[in-house]
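The values are calculated or read from the model by the stated rules, or taken from the named source; none is laboratory data. In this text, all values refer to a predicted model and were calculated from it rather than measured experimentally. Note that we place each Cβ from the backbone using ideal geometry, even for glycine, and neighbour counts take in every protein chain shown. These accessible areas exclude ligands, DNA and RNA; they are computed on the full protein's heavy atoms, side chains included. Shrake-Rupley method; radii C 1.70, N 1.55, O 1.52, S 1.80 Å.
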Amino acid sequence: MMNLDYQLLKLNQQIHPNISLRTVGEIPVIVLEHAVGKAAIALQGAQLLSWQPHFAQHDVIWLSDSEPFKQGTAIRGGVPVCYPWFGRHGEPMHGYARVSMWQLSTWQVDEEAVSLTFCLFDEQHLVQAKLQMTFSEQCRLRFTHYGVTPAEVALHTYYNVGDITQTTLFGLPDAAFNNAAQKDVSVPSPLLLTGAFDGIFSAEQHITHIDDKAQNRIVEVEHINASDIVVWNPWENTPSQMRPEGYQTMICVETARIRHKLVQKEAMEAVIRLQR
């Protein structure tokens, strides 16, 4: 897992005493340094790369330490925004939003919270999607779809864990759609992974707990107005831009609308809390 040292990133512009525009490789990155904690968001994909609340010893978000940060190439780790489709429902895989440049449209800094809003524009310069990130004691990601055509979306969040073999997921149903086998399967609940897993769960239970025993912490993920929760770990079948051992310290728990698409002006949220 990569640890971003914000101060070593090239400074392009100090937007506010707590907000700066920096560069990682070829990617412009918004960096937040505030009393509530630290965060970094790539303008490519409006992709949250790092979030560490002030009381946390480790970053909540996992980022590949072999990521080259090249424009036009999807970033491995963080919170990729899969939109306006998920998986292989179109080209490129998981949609074009994660390889498109977004714009920081508004920001607000208070003593107890910071809010940043990113917009994705279409070819006619109309807003297609908006992603508002609010950082306080928790991290709230609110995605709003503005396109005319209903769309799929998944906040493909990579969580940093100490050891995947000591990480248990609580609050998931006991059945999932297995993407590899393309069929519904029974799944243990609570879920402790022992190999590669790629499953879509119903989001009727709105809260998932990630019990990270190796780091002695629990991450709570609340899925608001979601229809699906996707859980993924490639195990030893590691994809590009990820070291062979990278799977050992990450787990993806994604807040999604796949089976029930978002309609125009509809929003979905993921709220991430690190229990103290």
Highest first, please rank the peptides 142-151, 157-166, 260-269, 174-183 by the mean number of other Cβ atoms sitting within 10 Å of their residues.
157-166, 142-151, 260-269, 174-183
Taking all protein chains as present, what is the carbon and sulfur share of the accessible area of the chain, in % to the nearest whole number, probe 1.4 Å?
48 percent
Sort 245-257, 59-71 by the packing proxy (mean of other Cβ within 10 Å over each peptide's residues), most packed first.
245-257, 59-71
Debye calc, one equal point scatterer per Cα of the chain, no solvent, log10 I(q)/I(0) at q = 0.11 1/Å comes to -0.57
Cα lying deepest toward the dipole's positive end in the chain, options H89, W51, Q7, charges on Cβ
H89
Can you give the relative contact order of the range 208-259 as a percent, counting alpha carbon pairs under 8 Å and 6+ residues apart?
35 percent
Accessible area expressed per residue, the chain, with surrounding protein chains retained (probe 1.4 Å, Å²)
44 Å²
Is there a quick way to get the dipole size of the chain? I mean about its Cα centre, with the Cβ of Lys and Arg at +1 and of Asp and Glu at -1; what is the value in debye to the nearest 20?
360 debye
Average Cα contact separation per residue, the chain, under 8 Å, 6 or more apart, as relative contact order %
16 percent
How would you order 192-198, 125-131 from highest to lowest mean count of nearby Cβ atoms within 10 Å?
125-131, 192-198
Over the range 67-218, what is the relative contact order in whole percent, taking alpha-carbon pairs under 8 Å and six or more residues apart?
17 percent
